[in-house]
Amino acid sequence: MSQAHVMFRAGGQSFAVASSNVQAIHDELSLQSVGDTKKWFLGLAVADGVLIPVTDLAGYLKLGQASGRTFSGRTLGISPEVGVGALRVDEVIGVDDTATKVSDAVLPQALQANSNLFSYSLEASTGEHWVLDVPRLLQSKRFIDIGVSA
Amino acid sequence: MNVSRVVSQLTSTFTTRWQRLSRHQRIAFAILPIVLLLSIGVLLKLLSSNGTIAQQASPTNSVVNNDNVVEPESVQQRIAEHSSSVMTLQRWLLSGRNSKEEAGISLTMLQHLQAIAVDPSNDLAWQDYSDELSRLENAVEKQAITTPEATALIATLRYDYAQLRGSVAGMVDSGQDGGVVAAPTITSRGADNQALAKRSSLTPWLLALLPLLASALATVAWLFYQASQQPSLEQPMLRTVDSRANQNAILQLLDEMEPLADGDLRVQATVSEAMTGALADAFNYAVTELRWLVGAIKGSAAQVNESVGKTRDSANSLAQASGVQAREIHRSSNYLNVMSDTMAQLSAHAAESSRIAVDSVEQAQQGTLAIDASVKGLVNIREQAHMTSRLMERLVESSDAIKKHANDIQRVAKNTDLLALNTTIRAAAATGGGETSELSRLSAEVTQLASTLRIATRDIAHLAGIIHQDAALTLSSVKKTNSELDAGHQKAILASQSLKAIEAVSHDLQNQINDIASKTLRQAGVVRQLSANMGVINGITRDSAVGLQDAASDLEDLQLMANALLTSVAGFSLPDTDNDAADGDANDSVEMPTSASALVAKKIKAAVKVDHRSQELAGFGDEPPTSRNE
């Protein structure tokens, strides 16, 4: 049996994260903007009684213009065991545990700048999904430094 | 034998007594009886002339006058000449560019003339010919015939027609069909009566002179007897102074009387104490009377000649004027006939217009009923449209509600989907090893169900939106239809009111047209009666023209007779007025003819006046007055 992954889309690209890295999927979170922060940092929100920062994944990956990013998508709540945070995506396709891992897939050009976050992809019925390394993302300096001056 | 013996004895006795006379006595007794017999002959001739005129002018005699007869051959010749004129007119009209129809009229006139030539008493042919001639006159009046020659010839034809018709009418009236035609009419009798009046005034004088001349002749016979009783003048023993004086007196008397044989009325016998004094006095008296008589005859004849000439000219002018008047009256009658026909047509058109007005009233009534029905239908349609509008509003509201509920369902489906995803994620986390449990499969089914529900609700919302849009459009359309129905309803009401107004107007129009039709019909009758009256007047005028022509002809005859009378007395020589100024009888001889001529002229005018009046009355069918022949 393969590992279950949450399949989603953001910035025109298909991604997947391990279901263990996701605590819950939120819909219509009430965001509170924070000044002097990067544009991809959407603000703070309360989910299940916990204050969490919400990041626009497509903006962070610099896919915003290509995907036509909006604020109407869903938010993937990161499991507390991995870190505190939430990723705003365009569409959550579902949970798939039947996708096949593809190791030698070529990373799309749009993702080349963040190639350290993607190591393999999954081939599912909905297409090719690049698996995002959530712990590395949360620990990266650029992701943590949300201030404008930085 | 006895007669021859008596004649022989008388001859012997006359010869014996004649031989007893002297030479002068023989001359006297040879001339005197001749002169007296000549005088008596002249008087008898004058009396005979008066008697002839009286016989001609007598109302009891026939109106036939051999000097004024119209021979049938003359009538036929005049008809032929008239036909020749019509043929000339036809050739002219045929040569014209716009007078072909008038040429046909002239051809018809020729046909009528042929019928007239066969039977001149055919009044219908005469009337038809006159009508065709009137058509040509109307063509001249309408400028259809413009050439002066044709116009003048048409006028001449009318004048000739009046004369020809009058001549033939006189022929028919005298009852001499195909025989000698008497031209004199009432007018000529009136003129003859005037001549009779003048000449009858001379008759008493002539009759008085006759006994005088007879007495003179008897005196001469007695003197001849006395002279023959005496011894012959050749017997010297019987010659005395007295007998010589008497002989001289007789010779002088004979010398003085001798010019009378040549018609010299200037003779004057010497009245003396001799035995011939009384005879000379009687002779002078007789010559004076004869002088007066001849002077009166000359003066009266001259006056009659002059008056008759003037009257004849006036009669000719009146005849021409009557002809023109008859033609104008006939033309006016034709116009009146045309007017009557036109008015009859107007009446018929008015009646047709009245019928159309009635139809218009009926159509307006039916239109009013139809529009009323349409108004009711529009009211029903408007009510149905209002109900449809309300239903559409409800449909829009219902579609809005459906859309709202669909959104709720879609939100539920979305939450369900989210719940299923989280459940799956929890289930995956619970297994730890990454294997899916029953919960995760249930979650997947719920997710699929939520997806199906989301799709269904999305389709429902889409359909609800379409329904809402269609209902909104339908509602707008229905509202627009309602407004148009309201406008149509108002227009239908206005149309109904207009039709009712049209109905009322058509009804009034019908009444007015009926009034016009009845009045036009009455006017047409009046015009017809007027045309008939004009026809009567035309007949009177034509008769007057013919009568005036006859009067002019008779006056010409009268003038000829006056000239003949002058000629008959031209042989008499009258003394000069200056020489006879001292003589009282000469003054009388000047005044008497003037008075007589004035009296004759006055009587002629009165007779012509009475004749006109009698003809006018005769045209209306009245009986002529009994004084007409007086």
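Please find, among B:Leu336, B:Leu421, the residue that is buried (at least 18 other Cβ atoms within 10 Å of the Cβ), part of a helix (DSSP H, G or I) and within 14 Å of chain A (Cβ to nearest Cβ).
After ruling out the rest, the residue left standing is B:Leu421.
When you look at A:Gly73, is it open to solvent by less than 70 Å² (accessible area, probe 1.4 Å), within 14 Å of chain B (Cβ to nearest Cβ) and modelled with pLDDT under 90, yes or no? Walk me through it before giving the result.
Values: open to solvent by less than 70 Å² (accessible area, probe 1.4 Å): yes; within 14 Å of chain B (Cβ to nearest Cβ): yes; modelled with pLDDT under 90: yes.
So A:Gly73 passes the test.
If you scan the range B:424-433, which residues turn out to be facing another protein chain (nearest Cβ under 9 Å) and in a helix (DSSP H, G or I)?
Residues satisfying the conditions are B:Thr424, B:Ile425, B:Arg426, B:Ala427, B:Ala428, B:Ala429, B:Thr431.
Residues to consider are B:Val70, B:Val86; find the one that is under 47 Å from the mean Cα position of the chain (by Cα) and at pLDDT below 80.
Checking each option against the conditions leaves just B:Val70.
Here's a check for you: in the range B:1-35, which residue that is among the basic types (Lys, Arg) and open to solvent by 70 Å² or more (accessible area, probe 1.4 Å) is nearest to the chain's Cα centre (by Cα)?
Initial filter on the range B:1-35 (among the basic types (Lys, Arg)): B:5, B:17, B:20, B:23, B:26.
If we keep only those that are open to solvent by 70 Å² or more (accessible area, probe 1.4 Å) as well, we get B:5, B:20, B:23, B:26.
Numbers: B:Arg5: 80, B:Arg20: 85, B:Arg23: 81, B:Arg26: 77 Å.
The residue in question is B:Arg26.
Checking the condition over 30 Å from A:Gln23 (Cβ atoms) and under 60 Å from the mean Cα position of the chain (by Cα), which residue from B:Ser399, B:Ser360 passes?
B:Ser360
Against the condition assigned by TED's automatic domain parsing to the domain that holds B:His462 and in contact with a strand residue (DSSP E or B) (Cβ under 7 Å, 6 or more places away or on another chain), how does B:Ile425 come out, does it pass? Break it down stepwise before answering.
Values: assigned by TED's automatic domain parsing to the domain that holds B:His462: yes; in contact with a strand residue (DSSP E or B) (Cβ under 7 Å, 6 or more places away or on another chain): yes.
It is true that B:Ile425 is assigned by TED's automatic domain parsing to the domain that holds B:His462 and in contact with a strand residue (DSSP E or B) (Cβ under 7 Å, 6 or more places away or on another chain).
Residues checked against (1) within 14 Å of chain A (Cβ to nearest Cβ); (2) open to solvent by 30 Å² or more (accessible area, probe 1.4 Å); (3) of a type in the set (A, V, I, L, M):
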| site | (1), (2), (3) |
| --- | --- |
| B:Gln448 | yes, yes, no |
| B:Leu453 | no, yes, yes |
| B:Ala456 | no, yes, yes |
| B:Leu463 | no, yes, yes |
| B:Ile467 | no, yes, yes |
| B:Val478 | no, no, yes |
| B:Leu485 | no, no, yes |
| B:Leu494 | no, yes, yes |
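Select, from B:Leu485, B:Leu449, the only residue that is more than 60 Å from the chain's Cα centre (by Cα) and within 30 Å of A:Ala99 (Cβ to Cβ). Outline the logic, then answer.
Working: B:Leu485 fails: within 30 Å of A:Ala99 (Cβ to Cβ).
Every option except B:Leu449 fails the conditions.
Got a number for residues in the range A:27-49 being more than 14 Å from every other protein chain (Cβ to nearest Cβ), without any contact (Cβ under 8 Å) to a residue 60 or more places away in the chain and in a strand (DSSP E or B)?
The qualifying residues number 6.
From the list B:Ile250, B:Ile356, which one is outside any loop (DSSP other than H, G, I, E, B), open to solvent by less than 60 Å² (accessible area, probe 1.4 Å) and either over 30 Å from B:Ser130 (Cα atoms) or modelled with pLDDT of 85 or more (or both)?
When all the criteria are applied, what remains is B:Ile250.
Take the conditions within 11 Å of another protein chain (Cβ to nearest Cβ), modelled with pLDDT under 95, assigned to a strand (DSSP E or B) and open to solvent by 60 Å² or more (accessible area, probe 1.4 Å) and apply them to A:Gln3. Does it pass?
It is false that A:Gln3 is within 11 Å of another protein chain (Cβ to nearest Cβ), modelled with pLDDT under 95, assigned to a strand (DSSP E or B) and open to solvent by 60 Å² or more (accessible area, probe 1.4 Å).
Criterion first (in a strand (DSSP E or B), within 14 Å of chain B (Cβ to nearest Cβ) and modelled with pLDDT of 95 or more) does A:Ala24 satisfy it?
Values: in a strand (DSSP E or B): yes; within 14 Å of chain B (Cβ to nearest Cβ): yes; modelled with pLDDT of 95 or more: no.
No, not satisfied.
Kindly establish whether B:Glu383 is more than 14 Å from chain A (Cβ to nearest Cβ), exposed (fewer than 14 other Cβ atoms within 10 Å of the Cβ) and either among the β-branched types (Val, Ile, Thr) or over 28 Å from B:Ser506 (Cβ atoms) (or both).
So B:Glu383 passes the test.
Residues in the range B:274-286: is at least one open to solvent by 50 Å² or more (accessible area, probe 1.4 Å), of a type outside the set (Ser, Thr, Tyr) and not in a helix (DSSP H, G or I)?
Yes, the range B:274-286 contains at least one residue that is open to solvent by 50 Å² or more (accessible area, probe 1.4 Å), of a type outside the set (Ser, Thr, Tyr) and not in a helix (DSSP H, G or I).
Can you name every residue in the range A:6-21 that is surrounded by fewer than 23 Cβ atoms within 10 Å (Cβ to Cβ), among the hydroxyl-bearing types (Ser, Thr, Tyr) and within 9 Å of chain B (Cβ to nearest Cβ)?
A:Ser20
If you scan the range B:557-580, which residues turn out to be open to solvent by 40 Å² or more (accessible area, probe 1.4 Å) and either among the hydrophobic types (A, V, I, L, M, F, W, C) or under 22 Å from B:Tyr161 (Cβ atoms) (or both)?
Matches in the range B:557-580: B:Leu560, B:Met561, B:Ala564, B:Leu566, B:Ala570, B:Leu574.
Looking for whichever is within 14 Å of chain B (Cβ to nearest Cβ) and more than 15 Å from A:Tyr60 (Cβ to Cβ) here; the options are A:Val95, A:Val134. Which one fits?
A:Val95
Assuming B:Glu328 fulfils every condition listed in (1) part of a helix (DSSP H, G or I); (2) under 30 Å from B:Leu21 (Cβ atoms) apart from one, which condition is it?
(2)
Condition (residue is modelled with pLDDT of 85 or more, closer than 30 Å to B:Gly323 by Cβ and buried (at least 20 other Cβ atoms within 10 Å of the Cβ)) applied to the range B:501-517: is it met by at least one residue?
Within the range B:501-517, not a single residue is modelled with pLDDT of 85 or more, closer than 30 Å to B:Gly323 by Cβ and buried (at least 20 other Cβ atoms within 10 Å of the Cβ).
Check off (1) more than 14 Å from chain B (Cβ to nearest Cβ); (2) more than 11 Å from A:Ala86 (Cβ to Cβ); (3) hydrophobic (A, V, I, L, M, F, W, C) for A:Ile52 and give me the number that stays unchecked.
Unmet condition: (2).
Of the residues A:Ser121, A:Ser103, only one is under 14 Å from A:Phe15 (Cβ atoms) and more than 14 Å from chain B (Cβ to nearest Cβ); which?
A:Ser121
The values are calculated or read from the model by the stated rules, or taken from the named source; none is laboratory data. Everything quoted here is computed from the prediction, not taken from an experiment. Please note: Cβ atoms are built from the backbone with ideal geometry, for glycine as well, and neighbour counts cover all protein chains shown. These accessible areas exclude ligands, DNA and RNA; they are computed on the full protein's heavy atoms, side chains included. Shrake-Rupley method; radii C 1.70, N 1.55, O 1.52, S 1.80 Å.
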